[in-house]
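Remarks on the structure that follows.
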Amino acid sequence: MTMALERTAVRVELLIDQRWFAVCDLADLTPGRGVAALLPDGAQVAVFLDRAGRAYAIDNRDPFTGAYVLSRGLLGSAGGRPFVASPLLKQRFDLETGRCLDDEGVAVQTYPARTTGGLGEALDTDLDAALAVVSAQVA
């Protein structure tokens, strides 16, 4: 008898308070576009999938206008760095660091993201690296 491995949906998870939290299925994301997700504490995040299949998450609030719209921004890259451009005033935010590329004094919070599933395995699970990113943001 042959046993077939059970497949599960591939999920996008964010590191929140040193725990991974599932925010959506990978199938919910369209490469080059974002979606908004609500965290347990009520905060909104913008979740993106780039064309290479890597997931990113940042605060959904545009610090220049106060509107929760960054999930509707356009993805691009500058100098090899992925960014989202706000749909309102077009400021660009680095998806890895949260730093505004147009005003160095402004940044949004980023969240380490990973995808899990398929066969239940984590596809991008370097927890130590993710915690280092969070520590660097706090410092």
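Values in this text are rule-based calculations from the coordinates and carry no lab data. Predicted model, so just to flag it, every value in this text is computed and none were measured. Every residue, glycine among them, receives a Cβ derived from its backbone with ideal geometry; neighbour counts consider all protein chains shown.
Per-structure values
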{"item": "Residue count, the stretch 26-52 (criterion: under 16 Å from Thr116 (Cβ atoms), in contact (Cβ under 8 Å) with a residue 40 or more places away in the chain and of a type outside the set (Val, Ile, Thr))", "result": "1"}
{"item": "Residue that is farthest from Thr110 (Cα to Cα) [pool: residues in the stretch 64-95 that are more than 13 Å from the chain's Cα centre (by Cα) and among the aromatic types (Phe, Trp, Tyr)]", "result": "Phe64"}
{"item": "Strands (runs of 3 or more DSSP E) wholly inside the stretch 52-120 containing at least 3 residues that are closer than 20 Å to Glu13 by Cα", "result": "55-59, 81-85, 113-118"}
{"item": "Residues satisfying the stated conditions in the stretch 38-51, i.e. within 15 Å of Gln109 (Cβ to Cβ) and in a loop (DSSP other than H, G, I, E, B)", "result": "Leu39, Asp41, Gly42, Ala43"}
